[in-house]
Structures are given as structure tokens and as C-alpha cells.
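Accompanying notes for the structure given below.
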Amino acid sequence: MNLSIDIGGSKIASGIVQLGDKPTVSDFQITNTLKNKEQFLSAIKNIITAYQKDNEINKICIGCAGLIDNSGKIVYSPNLRFLNNFDLRKYIENEFKIDTTIANDVQCFTLAEANYGAGKNFNTIVGITIGTGIGGEIIITKKHFGGSQNFAGEFGHTIINADYNKRCSCGKYGCLEQFVSGEAVERNYFEITGNKKSAREIELLAQKNDSDSISAINKMAKYLGIGIINIINSFNPNVIIIGGGIISENINSGTITLFEDARKYALENLMSDEVKIEIKTSELGYTAPLIGAAL
């Protein structure tokens, strides 16, 4: 059996994946991402050990936020800096003696959508996920495009406002994910309510139709639209597929204003009416990164 683990900046999702014409994810679980290396590795070991009790695991498949080189080493993860230059694949193989693979989490998300979801009828696909930060992936003629070092698709760190006076997690100023991300949601919520809550708390409140939380999420629409325009002008894909925790909670709350407003802004501000593009939400939802990791 394949055990897939999706490691993000704020949560770790996991499940048993069976591939096929209609892949399935069973025993889905979410664990909070711990913020230091020792606690994080302990949590990963506990997750794997728990699944081993009831399943014969013959492969561990990991999607992780950050830059993953061609050997599977985590080179740089802005929201999980304690993993920088860490070979998580080798660590797990040494601990469990199970064949392990690792790739960028959004590469996994987009690969699954390209094969089974919103991108299955297209050749040139860009995937975007919005959570703690923004992740991206490019698939050209059904093949992953990673550039010379496998780092292509870091749309969250494209600079859209160089005058912004606060540093991004990557250390630069004015990156897209400062305006469309968990950090942005927290800032927007504080500006609306005067109260501090985590992005995850705001996501859960939005799912319960809390108007302030929904407004904090939807406030990001114009910036997301700008990011979409830049991607279209750079790659001219057939389709852009958007997913991730914030998009999912926005849809679950009964409103898709963030996505629809961003989509509308992007389409209204393209350089030409002749540019044809599909902009869609994920069809596979939370299972996409887990399925893609197994693929």
C-alpha cells in the first residue's frame, strides 16, 4: 500500500492511496505542523507508525512545501525553515526501511488534477495552491516543467509591490504571497475586527459562514487576479487550476467570491480578448496532493 503525506506550513495531511482508474484516499488524517525540527520529525514518525499498525506500507510518498531538488532533498522551505537542506527522504528510509519518494506539494497537487481532475482534458496546465503561502506547478504537454534546478513555479515569490515595507518569509519585499496567503488572511481579519486569529481559525470560521472571516479571505481577490494575469502572460497555459486550504474553506462556506472575483479581474485585464484560458478550482480537493504524491 502507498502511504501519502502532504506537508504544509500549518498542517500535515495523510492517507492510504490506492491508484487506478478512480484513485481513492482512505483513513485521511490531519496533524498540525510543528515548528521545530525535533518535534516535526517525531510527529512524522508517529504518523507513519500509526498507519503501519493496520496497513502493510510498501511505499511512502511525500509532498512537501518548498524547493525540492532533483535528488529529493529539501533545499529551501520558507515556511518550514528548519527543513532547509535536509534530506527527509533519506531520513525516513533509514528509520523505516521503506522506499520513500518526495516532491514539491503543488507538483503533486497539479499532477493529480492533470490526470484525474480539472486538468485531465488539457495539455498545458498551471496549478496554484493557497494556504500558509502560495505554491505553483507547471505542466507542459502533460510533462512536469521544473526548469534547470526543478524550482520553476514559485509564483508566490513573484514581486508585485516592491515598495511594501514588510519582508516575506523568503526575505524579500512585496511578494505575491504577502497579499494572498494565510498571513494575508490573518492581517485582513485583524484590520476588519481588531482581533488576532490564526489563518486556520479563520478558515474554520469561514466554513461556518462567519461574515468577517469570509470578508478577510475575499479581500485577497484582486491580488490573486494580478498573480493569475502574470502567469497567463508568462506561460499562456490552457488552464489554471486553483486549490489549497483557503480556497477549499471559501467554497465550503457556501461562497466562492475569492475565486470568482479573482477570475473576473484576471479575465477583464488580459492584454487581448484573443487570449483564451480556463481558470478552474480543484476537482479533487484535499485528496489531490496525496494522490499526486503516490503518482
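The values are calculated or read from the model by the stated rules, or taken from the named source; none is laboratory data. Source: prediction; values computed, not measured. Positions of Cβ are backbone-derived with ideal geometry, glycine not excepted, and every protein chain shown enters the neighbour counts.
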- Message: What's the number of the only condition in (1) assigned to a helix (DSSP H, G or I); (2) touching a strand residue (DSSP E or B) at 6+ places or on another chain (Cβ under 6 Å) that residue 126 fails to meet?
- Response: (1)
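For region 43-76, name all the residues that are hydroxyl-bearing (Ser, Thr, Tyr) and modelled with pLDDT of 95 or more.
Filtering region 43-76 for residues hydroxyl-bearing (Ser, Thr, Tyr) gives 49, 51, 71, 76.
Hits for region 43-76 are 49, 51.
Out of region 207-220, which residues are modelled with pLDDT under 90 and in a helix (DSSP H, G or I)?
Matches in region 207-220: 207, 211, 213, 214, 215, 216, 217, 218.
Could you check how many residues of region 92-116 are in contact with a Leu (Cβ under 7 Å, 6 or more places away or on another chain) and surrounded by fewer than 24 Cβ atoms within 10 Å (Cβ to Cβ)?
Our first condition is that a residue be in contact with a Leu (Cβ under 7 Å, 6 or more places away or on another chain); within region 92-116, this holds for 102, 111-113, 115-116.
Restricting the remaining residues to those that are surrounded by fewer than 24 Cβ atoms within 10 Å (Cβ to Cβ) gives 115-116.
Count: 2.
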- Among the residues of region 165-173, is any at pLDDT 90 or above, assigned to a loop (DSSP other than H, G, I, E, B) and of a type in the set (Lys, Arg)? no
- Message: Condition first: of a type in the set (A, V, I, L, M, F, W, C), in a loop (DSSP other than H, G, I, E, B) and touching a strand residue (DSSP E or B) at 6+ places or on another chain (Cβ under 7 Å). Now tell me which residues in region 143-164 satisfy that.
- Response: 145, 151, 152, 162
- Message: Among the residues of region 110-121, are any in contact with a strand residue (DSSP E or B) (Cβ under 7 Å, 6 or more places away or on another chain) and of a type in the set (Phe, Trp, Tyr)?
- Response: no
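Given the criteria crowded, with 24+ Cβ neighbours inside 10 Å, closer than 26 Å to residue 138 by Cβ, in contact with a helix residue (DSSP H, G or I) (Cβ under 8 Å, 6 or more places away or on another chain) and of a type outside the set (Lys, Arg), does residue 245 qualify?
Details: crowded, with 24+ Cβ neighbours inside 10 Å: no; closer than 26 Å to residue 138 by Cβ: yes; in contact with a helix residue (DSSP H, G or I) (Cβ under 8 Å, 6 or more places away or on another chain): yes; of a type outside the set (Lys, Arg): yes.
When the stated conditions are applied, residue 245 does not pass them.
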- Query: Scanning region 45-67 for residues that are of a type in the set (Val, Ile, Thr) and out of contact with any helix residue (DSSP H, G or I) (no Cβ under 7 Å at 6 or more places or on another chain), which turns out surrounded by the most Cβ atoms within 10 Å (Cβ to Cβ)?
  - Reply: 47
- Message: Checking the conditions here, which among 105, 99, 69, 87 is on the phi < 0 side of the Ramachandran plot, acidic (Asp, Glu) and free of Cβ contacts under 8 Å to residues at least 40 places away in the same chain?
- Response: 87
